[in-house]
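Step one of this worksheet: look at the structure below.
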Amino acid sequence: MLIYERESKGRSARAQYQPEQEITDLPAHCLRNERAGLPEVSELQVVRHYTNLSRKNFSIDGEFYPLGSCTMKYNPRGAHKAASIPGFLNRHPLAPERYSQGVLSCLYELQEYLKDITGMKAVSLTPMAGAQGEFAGVAMIRAYHNANNDFERTEILIPSAAHGTNPATGVMCGYKVREVDVTKDGDVDIDALKAAVGPQTAGLMMTNPSTCGVFERKVEEIAQIIHEAGGLLYYDGANLNAILGKVKPGDMGFDVLHMNLHKTFATPHGGGGPGSGPVGVGPRLEPFIPTPVVGKRSQNDADYYYWVDEKEIPGTIGNLSAFMGNAGILLRAYAYARLLGREGMHRVGEYATLNANYMARRLEQAGFQLAYSSRRATHEFIVTLSREARELGVNAMDFAKRLLDYGYHAPTTYFPLLIPECLLIEPTETESREEIDGFVDAMAMILREAKECPETVKGAPVTMPVKRLDDVKAARNLDLAWRES
Amino acid sequence: MAEFPDDLRYAETHEWVRVEDDGTLTIGISDYAQETLGDVVFVELPELDAEISAKGEVAVVESVKAASDIYAPVSGRVIEINPELEDTPEVVNESPFEKGWFFKMQPDDAEDVESLMDAAQYQKMCEEDH
Amino acid sequence: MPFVPHTLEDERAMFETIGVDSIESLFDEIPKKLRAGVLQDVPEGISEMELLRLMNERARQDEVDLCFIGAGAYEHHVPAAIWDLVGRGEFLTAYTPYQAEASQGLLQVIYEYQTMMSRLTAMEVSNASVYEGASALAEAVLMAVRANKKSKSRKVLCAGNVHPRYISTCRNIVTNQDIAVETVGWDDATGLVPPESFETWTGEDIAALVISWPNFFGGLDEVDRLTDWAHEQGALVIGVVNPMALSLLTPPGEWGQTGADIVVGEAQPLGIPLASGGPYLGLMCCKQAIVRQMPGRIIGRTEDLDGKEGFALTLQAREQHIRRAKATSNICTNQGLLVTAATIYMSLMGDAGMRAVASQSHNGMTRLLKRLTDIDGVTLRFQGPVFHEAAIRLPLPAVEVLTQMASEGILGGFDLGEVDESLSDCMLTNVTETKTDEDLDKFVRSLRRAVEG
């Protein structure tokens, strides 16, 4: 039932406002003639409606959510609370620096931590999501080549297993995208890379560990090939959780990267956003970093934090939003970093990797096929169900839907595209052995069902508020806004 | 099993071409292509009178989970588009070779059609693909 | 290891299952020399209690008594119910609704949001939101260039009184695709862009025209004439709006003969705290005819196998995860959490509540302006009507006045000299329903002291 279907004319949450006032100083042609048509409901109706809607969601707080490539780890409530202190919530984005030292000091320190963790020379916190971080990174690569009067570089190379955002970003930055094949072991095909690289290469975008759930062993050789051709190397930080505290992207030869703080730094995903996608750069791209960043100087024997803008960074690719980015998310990430500290930070990649390898091995023992069984899993791994699809007629989507009935959010399905019938599974470091065991048991049970009563699996889910939805109807008969019938 | 009518020509990118009596060409996507794609939910057609060149992108066909480009099998000019596809894209699934045609064109050179595959060659390609 | 649950016994059992003797062996595929050393710059971990104490101390440094800065972010009352509801783990810690059956709550919220937003703007379609207002404008410009099939041009005209940071953000993003954003200057007396000044471009191939409602200075341009002119040129019209204002002002779907084609704006005023600039909420609406060029997530209402109503992501073939290099944008995010907040805000307030808030904000501004201009040398910079925000000219550089007022705990406005040197004696000041007459008195007294010394 929609909120509109609960309304009664004349109702509203009257505690929330004083009566409307007459406007006498605006010309009539500027004024709206008819009311917009927002719901007319009481405060209790609103509270009850949205409370009940929230119950129709899976979430990390409620369920194990091993969504590969999304790092659905526990979001500490303490970090959420720390970022929700009134002094932070009420600060206007254009408040003068003198009245902003609290938030600026947190952001400055976060920049310093991220520099250390990634091994980069400078960090800008301003991109608002991973995709915007990618945009900023590739725009900097373009700015760098332009500054060298090198306008022949028109192509970005991307391994074929990459997230769709990578090619989409390349195009947004005005590049042609050329995909490079991946070998059967999940590494970039070095021969294909050598054949693709040339004077037209602006750079390579790479995720490491890759979306295949394995560490790219030849990363140094790849870096060398790209750099010798005059290109730059972009690190997509989607999988940074796998190596947090273990390997620094800067040490692998990357010139620029973005981080997904909503993944690696445990800020809430919020139903698809907000995110936060800071970028880090090596020395070559430092002159182009997006603004603003936070600087620190000594003033009256005390630290004074200030905004660094295009006056100090004349080559900057500029601002990417009206203000500084998703400050509230950055504060959560800062709080998370403080809670973890140095030791905790080193452990993230370790235990994320331990959980993934344990889970992969247990699933293998339960009869499932791993896509890269000869490789170590990183923080995630791929199960392929092509055998089950072929022999039992039960595919990856069916397994995913049936998992919901067992109370587990499904892993990522049908990604990466090059592995047929795949589930990309990422348990994260915050899940316990019991939770992982429970998931494996559910998968084993579904496999049994698939053999004994495949219709049960193909008809799943049956315990959710709705059964499988008609996507075709949704796309053919677009109904994107409610209209009174 | 997908059908491969003998009286049509086929491109590697799964378009079929019918040479009409007046020398114009009718273009659609093959039965094999519509099966692979699944339920078609939208078709973006070329503009009328557009000059199109062989292997250039001219249309897009969307299913729920995929979007595929449609390429011009030969060079020429678009002379008619199928108005039914806007409201009932499902005819591409139901009747790929008849009601589900995409557009008609006047080829620059009638001979160009000869470079396309015949039904047997195309069927072989699809089977190898599978 | 505050959030890692493993006991020694767990680790031992897990090692045994995997067949290794330590965690270290799991990293044996990574070349040794790439291993990180100690993270010197990250401090030792602290407890939650210590964290909250530290953060409370930091936040206290940023507190002020009264804030009259607007300039794209507005302090409105945020009903208590909103963030209590949004803070529920089921909203806070869910992700993009890839598994529709396990995400019906969020999907329905977004569908309701799309309904409310399209009604507020009087547009046919809304998406599930983008990051925030300025980058939303960039997406709108890219969309317009794609959608305007009649235009071969990669040129977009933009009223010069659109928020300057929106213009720069837009340029920073779209220049990479060789799209030029040309600005049209504002009139020195009114701050508006005179429709006559567009005559220079009559007959030129332009993909789109961007207009702001209200404009950056709070002023109200002749949107009907500008819309009709743009449409006569074959250009699409992009409206940049404040959704709070739209409860009172003509919605962009009704501008001119046929309305704006794409509408974007910052929905922060709808229940979202100022929070230093984000996370905010970029609204984006359009005419149905061009919905396939819209970036971002879109939710549709459909049925399940049993014919029961349900909600799902739709038109996904536009998006990066399917269309890759040919996607409408690289964007994945919709601001789900902020969408939820804004939806609850609009539900609580209804038309009556939003009109009340908008009218009180506006009349508060009018009252403040009357009293301010009693001070010697203080005048309105521009003639003409404004909505809840105005440029005020001062007898001193604005930065001096604002610094003095801030020392008394009042952030009096935004120094317009920061965006335009010719306006360095002006501040942009906003009043919302949160300001009482007593607050306005404090503002006037403080300003008087700053100006009169």
Exercise. Ranked by Cβ crowding within 10 angstrom, fewest neighbours first, how are B:Tyr10, A:Tyr351 ordered?
Worked result: A:Tyr351, B:Tyr10
Exercise. What is the Cα centroid distance between the stretch C:328-376 and the stretch A:310-340, reported in whole angstrom?
Worked result: 25
Seminar exercise, completed: From DSSP H assignment alone, runs of 4+ in the protein assembly as shown each adding -39500 (n - 2.57), the sum over residues rounded to the nearest 500 puts [θ] at 222 nm at -10500 deg cm²/dmol
For this session: Please report, in Å, the Rg and the Dmax of the stretch C:221-346, where both are computed over Cα atoms only.
Result: 16.8, 51
Problem set entry | Rough spin-label spacing in nm, given labels placed 7 Å along Cα→Cβ, for A:Arg11 and A:Glu312 | 5.4
Problem set entry | Nonlocal amide H pairs with C:Thr434, under 5 Å, H built at 1.01 Å | C:His77
Exercise. Which Cα, out of C:Gln268, C:Leu85, A:Thr207, lies furthest along the positive dipole direction of the protein assembly as shown (beta carbon charges, K/R +1, D/E -1)?
Worked result: C:Leu85
Problem set entry | Measure of compaction for the stretch C:164-224 (Cα Rg per 2.2 N^0.38 Å) | 1.20
Problem set entry | Where the Cα pairs of chain A fall when distances are cut into 10 Å bins, in % | 4, 17, 24, 24, 19, 9, 3, 0
Exercise. Given chain C, what count of lysine pairs have C-alpha atoms under 23 Å apart, with each pair 8 or more places apart or on different chains?
Worked result: 11
For this session: Report the charge-dipole magnitude of the stretch C:59-148 in Debye, nearest 20, computed about the Cα centre from +1 at each Lys and Arg Cβ and -1 at each Asp and Glu Cβ.
Result: 260
For this session: Count charges around A:Met445 for me, please; just the other residues with Cβ under 13 Å from its Cβ, Lys/Arg as +1, Asp/Glu as -1.
Result: -2
Seminar exercise, completed: Zone reached by a paramagnetic label modelled 7 Å from C:Leu396 Cα along Cα→Cβ, restricted to the stretch C:428-453 with backbone N below 13 Å, covers C:446-453
Exercise. From the backbone phi of the stretch C:347-359, what are the Karplus-calculated ³J(HN,Hα) couplings (6.51 cos²θ - 1.76 cosθ + 1.60, θ = phi - 60°) in whole Hz, Gly and Pro given as x?
Worked result: 5, 5, 7, x, 4, 4, x, 5, 5, 5, 4, 5, 5
Problem set entry | Relative contact order computed over the stretch A:68-195 (Cα-Cα under 8 Å; 6+ residues apart), in percent | 14
Problem set entry | Shape category assigned to chain B from the gyration tensor of Cα positions, a/c cut at 1.5 | oblate
Seminar exercise, completed: For A:Ser59, B:Ser95, B:Ser115, ascending order of other Cβ atoms within 10 Å (fewest first) is B:Ser115, B:Ser95, A:Ser59
Problem set entry | Debye, to nearest 20: dipole size of the stretch C:180-318, +1 on Lys, Arg Cβ, -1 on Asp, Glu Cβ | 740
Problem set entry | Amide H contacts of B:Ser63 (H built 1.01 Å from N, under 5 Å, at least 5 apart or other chain) | B:Val41, B:Ser68
Problem set entry | Coarse-grained scattering of the stretch C:218-261 at q = 0.18, 0.26, 0.33 Å⁻¹, given as base-10 log I(q)/I(0) from a Debye sum over alpha-carbon atoms | -0.48, -0.92, -1.29
For this session: Mind checking which of A:Leu404, A:Ser374, A:Ser386 is farthest towards the positive end of the stretch A:364-411's charge dipole, using Cβ charges of +1 (Lys, Arg) and -1 (Asp, Glu) about the Cα centre?
Result: A:Ser374
Problem set entry | Centre separation in Å (Cα based) which lies between the stretch A:245-304 and the stretch A:428-473 | 38
Seminar exercise, completed: Honestly the stretch C:275-381 on the Cα gyration tensor test (a ≥ b ≥ c root eigenvalues; a/c under 1.5 rounded, otherwise a/b vs b/c for prolate or oblate) is just prolate
Seminar exercise, completed: In cubic angstrom per residue, the convex hull of the stretch A:171-274 built on its Cα atoms measures 116
Exercise. Hey, what's the Cα Rg ratio for chain C versus the globular rule of thumb, 2.2 N^0.38 Å?
Worked result: 1.13
For this session: Could you tell me the convex hull volume per residue, in Å³, taken over the Cα atoms of the protein assembly as shown?
Result: 168
Exercise. With the Cα gyration tensor of the stretch A:247-396 giving a ≥ b ≥ c as the square roots of its eigenvalues, does the rule (a/c under 1.5 for rounded; else a/b larger than b/c for prolate; else oblate) give rounded, prolate or oblate?
Worked result: prolate
For this session: First obtain the Kirkwood hydrodynamic radius of the stretch A:444-485 from its Cα pairs, then insert it into the Stokes-Einstein equation at 25 °C and 0.890 mPa s, and state the resulting D in µm² per second as a whole number.
Result: 189
Seminar exercise, completed: Once amide hydrogens are built 1.01 Å from N within the peptide plane, the residues lying 5 or more places from C:Phe311 or on another chain with amide H under 5 Å from its amide H are C:Thr302
Exercise. Picking from C:Val38, C:Ser25, C:Gly72, whose Cα lies most toward the positive end of the charge dipole for the stretch C:1-92 (charges on Cβ: Lys, Arg +1; Asp, Glu -1)?
Worked result: C:Gly72
Exercise. For the stretch C:204-213, what does the Karplus curve 6.51 cos²θ - 1.76 cosθ + 1.60, with θ = phi - 60°, yield as ³J(HN,Hα) per residue in whole Hz, taken in order and with x for Gly and Pro?
Worked result: 7, 7, 10, 6, 7, 10, 9, 10, 10, 9
Seminar exercise, completed: note: the stretch A:359-429, Cα-Cα separations exceeding 18 Å make up a percent value of 34
Exercise. Most exposed first by the Cβ proxy, i.e. fewest other Cβ within 10 Å, how do C:Thr328, C:Thr17, A:Thr353 rank?
Worked result: C:Thr17, C:Thr328, A:Thr353
For this session: May I have the pair-distance distribution P(r) for the stretch C:381-453, computed from all Cα-Cα distances with 5 Å bins from 0 and rounded to whole percent?
Result: 3, 17, 27, 26, 19, 7, 1
Exercise. What size of dipole, in debye to the nearest 20, comes out for the stretch A:48-115 about its Cα centre when the only charges are +1 on Lys and Arg C-beta atoms and -1 on Asp and Glu C-beta atoms?
Worked result: 300
Problem set entry | Space enclosed by the convex hull of the alpha-carbon atoms of the stretch A:4-98, per residue, Å³ | 270
For this session: Round to the nearest 10 and give me the degree value, 0 to 90, for the angle of helix C:437-452's Cα axis relative to the longest principal axis of chain C.
Result: 70
For this session: Could you work out the relative contact order of chain A, using alpha carbon pairs under 8 angstrom and six or more residues apart, expressed as a whole percent?
Result: 19
For this session: Evaluate the relative contact order of chain C (contact order divided by residue number), counting alpha-carbon pairs under 8 angstrom at least 6 apart; express in whole percent.
Result: 20
Seminar exercise, completed: Residue-ordered couplings for the stretch A:263-270, obtained by feeding phi - 60° into the Karplus form 6.51 cos²θ - 1.76 cosθ + 1.60 and rounding to whole Hz (Gly and Pro as x), are 8, 5, 10, 6, 7, x, 7, x
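Each value in this text was obtained by applying a stated rule to the coordinates, not by laboratory testing. What you see is a predicted model, and the numbers here were worked out from it, not measured in a lab. Methodologically, a virtual Cβ is constructed for each residue, glycine included, from the backbone with ideal geometry; neighbour enumeration extends over all protein chains shown.
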